[in-house]
Amino acid sequence: MKKTAIAILIAGSAVVASGQNGGQSQPPSPPPSPAPTQTQQAHPRRVQAKLEGFDLAPDKATANQIGGASRGPANKLVLSAPHKARVYTLRPSFGWQGDPAATYRFHIQDVTGQFAWDRRVTGTSLAYPADAPELAPGKTYMWRVISDSALMSPPPPAAIMVVVGGAERSQLEAGQDRIAGSGLDAESARAKYFFDQRLWYDSVMAYSELIAKYPDQGNLYRMRGTLYDQLPATATLAEADFARTQ
């Protein structure tokens with residue numbers, strides 16, 4: 001009898017407790033979410049900002065231009081430029097990805113074939129020199145790079161540059177003239193103006209010159225990295241710049 005009474009008493013207590021909880025059983029509390037690791041805290045996922053206008057013919061890019069040197073063979077040659085882009089300066093700088101110790105033949109010509117210029121270059125860049133004929137506003141040019149090394153991959157297709165001319169050139173000149181002053185702020189504003197106008201070569205030149213002058217300014221690497229991030233061909237260059245901002 002005592003055992004029966006105790007069992008009834010326990011059962012009654014369970015009914016009362018169930019009534020107090022609205023007649024529903026309470027699920028167990030979920031375990032706390034694990035804290036982010038040190039790597040997750042230090043290196044949050046970067047969101048790529050895709051911006052239209054830097055490449056006037058993005059659908060024309062080929063495998064030779066979009067692989068990125070680190071994603072293919074070590075001897076892959078990649079132009080660090082859009083397939084077709086506008087340019088303001090009449091003496092641009094050119095860059096490519098390949099063997100930095102190799103010798104290349106740089107070639108530029110206008111699309112009519114009336115002008116052509118060549119130079120041998122050791123390394124992976126060329127600033128169009130003062131002793132070369134100045135490019136002409138309103139004209140369209142093609143440039144390519146060919147390696148002297150038999151071990152290098154075949155040269156990629158030429159990149160096309162449209163030199164801004166006419167009323168558009170006058171507007172760009174006026175926009176630059178409106179940015180007065182010197183120093184980091186003014187120079188950064190001029191570089192950002194080229195960026196906002198989607199002038200690839202001018203933007204790369206401006207930010208590269210600023211980085212050489214102010215190497216401790218992380219925002220300059222971030223802006224150039226954002227620019228490089230627009231092309232698959234320069235994705236590895238973007239990653240290197242973003243790494244400098246962390």
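The values are calculated or read from the model by the stated rules, or taken from the named source; none is laboratory data. Keep in mind that this is a model prediction, so the values were computed, not measured. Virtual Cβ from ideal backbone geometry, glycine too; neighbours counted across all protein chains shown. These accessible areas exclude ligands, DNA and RNA; they are computed on the full protein's heavy atoms, side chains included. Shrake-Rupley method; radii C 1.70, N 1.55, O 1.52, S 1.80 Å.
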So for R0 = 30 Å, FRET eff. of D216-R120 from the Cβ-Cβ r, to 0.05, ends up at 0.30
Of every hundred units of 1.4 Å-probe accessible area on the range 91-189, the number belonging to carbon and sulfur atoms, as a percent, is 52 percent
Ignoring ligands and nucleic acids, L51 exposes an accessible area, probe 1.4 Å, in Å² to the nearest 10, of 50 Å²
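Express the accessible area of the range 117-157 per residue in Å², computed with a 1.4 Å probe while the remaining protein chains stay in the model.
Details: 2190 Å² over 41 residues.
On a per-residue basis, 53 Å².
So how much slack lies between L90 and D196, counting 0.36 nm per residue of separation and subtracting their Cα-Cα distance, in nm?
Values: separation 106, 0.36 × 106 = 38.16 nm, distance 1.91 nm.
Separation in residues times 0.36 nm, less the Cα-Cα distance, equals 36.2 nm.
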The FRET efficiency for E239 and I146, from their Cβ-Cβ distance with R0 = 30 Å and rounded to 0.05, is 0.65
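From largest accessible area down, sort S125, S93, S80; use a 1.4 Å probe on the protein chains. Mind dumping the intermediate values first?
Working: S125 75, S93 45, S80 20 Å².
The ranking, largest first, comes out as S125, S93, S80.
Can you check what the net charge comes to around D202, using other residues whose Cβ is under 14 Å from the Cβ of D202 (Lys, Arg +1; Asp, Glu -1)? Each step should come with its number before you reach the end.
On the way: positive: R86, R91, R169, R190, K192, R198, R224; negative: E168, E173, E187, D196, E209.
Every neighbour counted, the sum reads +2.
Summing Lys, Arg as +1 and Asp, Glu as -1, what charge do residues with Cβ under 12 Å from the Cβ of D131 carry, D131 excluded? Walk me through the intermediate numbers first.
Working: positive: R91, R119; negative: E134.
Neighbourhood net charge equals +1.
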In this structure, among K84/K213; K192/K213; K50/K192; K50/K84, pairs with alpha-carbon gaps over 22 Å are K84/K213
For G123, the residues 5 or more places away or on another chain with a placed amide H closer than 5 Å to its own amide H are A102, Y104
Interchain or sequence-distant (5+) residues whose placed amide H lies within less than 5 Å of the amide H of S93 are Y128
